[in-house]
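Asks: Have a look at the structure that comes next, please.
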Amino acid sequence: MALIIDLETVGQDFNGLDAATQDNLTRWARREAAGDQAKLNVLLADVRESLGFSPLTGEIAALGVYDDEKKQGVVYYQSPAAPGREFSLGSIVCKPRTEAAMLADFWRGATRYQSFVTFNGRTFDLPWLMVRSAVHRQRPPFNLLGRRYYRPEDRGRQQIDLLDQFTFYGAVRRRGSLHLYCRVFGIASPKDQGITGDDVARLFREQQYEQIAAYNSRDLLATAALFKIWQAYWPEENKRQAVGRREGWR
């Protein structure tokens, strides 16, 4: 029984950051622009749009989990500027929560699982969960990033990052996005309905919180389908051999 995890995140308002933080975030842009104001404007716009990539300058807009055996899931989503409502999208229930409340609910439920599945989660979703929990003074009951290399014979909790698996822990030069993996394996892509991760910040500003929750639910289902492909067509002995070779060269 595995728990699929996916997050949608948004950045803080750049203008609301203190002067020292603004300087820290934009110093490289001013250096790279070298006095070219037009180039600087482009780089500064990029800084503002990228604040949602870091748990130090952003927050979780939606946190989705999906049980791959029960075929049921929950998406917790923020609705700060409007009353949120609970609603269902097929087998996934969407519930409004503050960031602190969604994290508390996540950890409470996660203790029942041994395997955690993400797509690019080791470098994004899982660090976000750990750091944002600490921001809210919540201590996770276990470390989601304990071991990177999957070994089916290992006991205890394991995280399975499908991007790690499909790229053989970085051996593949072009890693590819979730959309590209969905496309090649014939899985419905979360982007098929015209919304991408790049739209989340705009939807949040426009108070379209339920659309963010719906997009997150599609991410969950796509990741769950990709997990089934991995389970069916990645031989266990290949996983063991690949892990052994990788660890031997550390």
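The values are calculated or read from the model by the stated rules, or taken from the named source; none is laboratory data. Values in this document were obtained by computation on a predicted structure and should not be read as measured data. Glycine also receives a Cβ, built like all others from the backbone with ideal geometry; neighbour counts cover every protein chain displayed.
Asks: For residues in the stretch 22-33 being loosely packed, with under 15 Cβ neighbours inside 10 Å and not charged (D, E, K, R), which is modelled with the highest pLDDT?
Replies: This residue is Asn24.
Asks: For the stretch 16-110, give me every one of the helices (runs of 4 or more DSSP H) that falls completely inside it and has 1 or more residues that are touching a His at 6+ places or on another chain (Cβ under 8 Å) and closer than 23 Å to Gln138 by Cβ.
Replies: 99-110
Asks: While we're here: Is there a residue being within 30 Å of Arg122 (Cβ to Cβ) and small (Gly, Ala, Ser) anywhere in the stretch 25-37?
Replies: Yes: one or more hits.
Yes/no per residue for (1) in contact (Cβ under 8 Å) with a residue 24 or more places away in the chain; (2) out of contact with any Lys or Arg (no Cβ under 6 Å at 6 or more places or on another chain); (3) surrounded by fewer than 21 Cβ atoms within 10 Å (Cβ to Cβ):
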| position | (1), (2), (3) |
| --- | --- |
| Val75 | yes, yes, no |
| Ala82 | yes, yes, yes |
| Ser88 | no, yes, yes |
| Phe119 | yes, yes, no |
| Leu129 | yes, yes, no |
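Asks: Is one or more of the residues making up the stretch 158-167 more than 26 Å from Phe106 (Cα to Cα) and at pLDDT 90 or above?
Replies: yes
Asks: Which number in (1) at pLDDT below 95; (2) within 23 Å of Ser133 (Cα to Cα) marks the one condition that Cys94 misses?
Replies: (1)
Asks: For the stretch 2-15, which residues satisfy the criterion of being closer than 27 Å to Ala214 by Cα and either part of a helix (DSSP H, G or I) or more than 20 Å from the chain's Cα centre (by Cα) (or both)?
Replies: Asp13, Phe14
Asks: Is the stretch 195-214 home to any residue that is at positive phi, out of contact with any Phe, Trp or Tyr (no Cβ under 7 Å at 6 or more places or on another chain) and in contact (Cβ under 8 Å) with a residue 12 or more places away in the chain?
Replies: Checked against the condition, which is being at positive phi, out of contact with any Phe, Trp or Tyr (no Cβ under 7 Å at 6 or more places or on another chain) and in contact (Cβ under 8 Å) with a residue 12 or more places away in the chain, the stretch 195-214 yields at least one hit.
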